[in-house]
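What follows is one structure encoded as structure tokens, with my remarks underneath.
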Amino acid sequence: MACKAGVQTHTVRTNSRIKTVQFVQELHGAMTAGKTESQELSGVAQRLASFAAGCLGTSTPAHTGSRLGIMGNVSEAELKEVLHHIEVLSKQRASAAAGRPVQGNQPALTSFGYPATSNSSFQQAFKEACGVDADHIHLHLPRDARGQVDLLRIFSLEDGKGTHLESCEALAEFVDDPSELPFCDEPSLVEREADEAHWLQDAIAINGLRSAVFHNVTLVEAPDLQALSRRCRSRRPALCKTALRAMAELAKKGVQCDWISAAAEVVAACLAAMQLTKVTAKMGEETLDAVCGRLREDASVTVTLHVLTSLNCPELKHPTCVAALLRVSSTSLSSLGETEALTAQAAEEISGFCEEVLKNRRLSPAFSEARALQRQVAKVQNVP
């Protein structure tokens, strides 16, 4: 009996070992299959990212995602909207390169704001590049925990190189202190032409730039001051304030930019921001003062005064803007040192500007600043 029991026990142990080995083998096979499937999905995803970058002319997946305005993961229906958006942007880029507008009637827009129809040649190019057509690509793309297409992963927007989803939410708001912004080591480029419909993407891109500048990240390209200045004119207070802060921080930090050639447009944009709200009025003058300080450093006081007094823009019709311009001119004039003297031409330009202001009754709130600047010019020239 004891021998028979021992044999049964040995058999049970042996069967248990066999089942354990089989389970391990099955588990290994499942893991291997899952890994292979993940690699296949990654391959299609990489093809999609490369195709989109080629259509938009961007250099990295993160820049492509930013250009597309991707803020999070999407459903299958929303993925089709993104693909349509890629098609539209690629046509716009091709037309701009050819120097002609997009031909034909514009297609109807869907509820997401993208075209509702697609071109057959684009669909064919898409299929050849990605290995699957646009109607079935969602079956080959990675999904997040909620079952949505993981565009953030596809376009490298949450792998440490791009912007995290949580960071996107923080970067989308106006933050006064750049130290409170999430770290961004690869800020997206801000497009030259401004579009109010894309104000949220612009705010994220500009805050990413602010974060990179604050943390002394080496920028691949110099910031586009003209692009920033056009966001300072935005009717969206959050974007306007963000752009103003970015401009001031770039000026104070001494970031290498083409300040001199963009000076007139930047100054006019600061004046335009003063007409939006009381907060932007204050920030606009602060930014204007910082920009003029950078101009004095990079060029000279005379060049700065010339930019301020020879400005020709609609904002000069508003007394608030003119008064701020006169105050900043006074600050620049006060910064004249022993190494730089006020030229006769500069003095004439300032005096002429002040006289034009005093002739316009609508600018009467700025009369006191104009007379004060006239006295300051006379004092610098030692004129009684």
Test for ALA378: is it out of contact with any strand residue (DSSP E or B) (no Cβ under 9 Å at 6 or more places or on another chain) and farther than 22 Å from ASN312 by Cα: yes
Any hit, the range 246-261, residues being surrounded by 15 or more Cβ atoms within 10 Å (Cβ to Cβ), aliphatic (A, V, I, L, M), in contact with a Gly (Cβ under 7 Å, 6 or more places away or on another chain) and not in a helix (DSSP H, G or I): no
Identity of the residue in the range 211-222, touching a helix residue (DSSP H, G or I) at 6+ places or on another chain (Cβ under 7 Å) and surrounded by fewer than 22 Cβ atoms within 10 Å (Cβ to Cβ), that ends up modelled with the lowest pLDDT: LEU219
Qualifying residues in the range 272-287 (those that are of a type in the set (A, V, I, L, M) and in contact with a Leu (Cβ under 7 Å, 6 or more places away or on another chain)) - the one farthest from LEU308 (Cα to Cα): MET283
Criterion (of a type in the set (A, V, I, L, M, F, W, C), over 17 Å from ASN360 (Cβ atoms) and in contact with a helix residue (DSSP H, G or I) (Cβ under 6 Å, 6 or more places away or on another chain)) met by exactly one of VAL291, VAL322: VAL291
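Any residue that is modelled with pLDDT of 90 or more, among the β-branched types (Val, Ile, Thr), more than 12 Å from the chain's Cα centre (by Cα) and crowded, with 18+ Cβ neighbours inside 10 Å - is there at least one of those in the range 150-158?
No, because not a single residue in the range 150-158 is modelled with pLDDT of 90 or more, among the β-branched types (Val, Ile, Thr), more than 12 Å from the chain's Cα centre (by Cα) and crowded, with 18+ Cβ neighbours inside 10 Å.
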Selection from the range 327-350 of residues that are assigned to a helix (DSSP H, G or I) and within 23 Å of CYS270 (Cα to Cα): ARG327, VAL328, SER329, SER330, THR331, SER332, LEU333, SER334, ALA346, GLU349, ILE350
Options VAL88, VAL74; residue that is modelled with pLDDT of 80 or more, hydrophobic (A, V, I, L, M, F, W, C) and farther than 22 Å from GLN124 by Cα: VAL74
Meets criteria (modelled with pLDDT under 80, within 25 Å of GLU191 (Cβ to Cβ) and surrounded by fewer than 18 Cβ atoms within 10 Å (Cβ to Cβ)) for PHE112: yes
Selected residue [modelled with pLDDT of 85 or more and either surrounded by 19 or more Cβ atoms within 10 Å (Cβ to Cβ) or not charged (D, E, K, R) (or both)] from ALA53, ALA33: ALA53
Only one of ARG100, ARG93 that is under 28 Å from VAL190 (Cα atoms) and at pLDDT 75 or above: ARG93
Complete set of residues in the range 168-202 that are among the hydrophobic types (A, V, I, L, M, F, W, C), in a helix (DSSP H, G or I) and buried (at least 24 other Cβ atoms within 10 Å of the Cβ): LEU171
Positions within the range 262-294 being under 15 Å from PRO319 (Cα atoms) and in a helix (DSSP H, G or I), in sequence order: ALA268, CYS270, LEU271, ALA272, ALA273, LYS278, ALA281, LYS282, GLY284, GLU285
Verdict on ARG361 being touching an Asp or Glu at 6+ places or on another chain (Cβ under 8 Å) and basic (Lys, Arg): no
Where LYS278 falls short, out of the listed (1) buried (at least 17 other Cβ atoms within 10 Å of the Cβ); (2) within 24 Å of VAL175 (Cα to Cα): (1)
Positions within the range 319-346 being within 14 Å of LYS379 (Cβ to Cβ) and over 40 Å from the mean Cα position of the chain (by Cα), in sequence order: ALA341
Residues within the range 43-97 that are among the β-branched types (Val, Ile, Thr) and in a helix (DSSP H, G or I), tallied: 5
Subset of the range 352-373 [surrounded by fewer than 17 Cβ atoms within 10 Å (Cβ to Cβ) and in a helix (DSSP H, G or I)]: GLY352, GLU355, GLU356, LEU358, LYS359, ARG361, ARG362, SER364, PRO365, SER368, ARG371, ALA372
Single unsatisfied condition, ARG231 versus (1) modelled with pLDDT of 90 or more; (2) in a loop (DSSP other than H, G, I, E, B): (2)
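The values are calculated or read from the model by the stated rules, or taken from the named source; none is laboratory data. Keep in mind that what you see is a predicted model, and the values were worked out from it rather than measured. In this analysis, Cβ positions are derived from the backbone assuming ideal geometry, glycine residues included, and neighbour counts consider all displayed protein chains.
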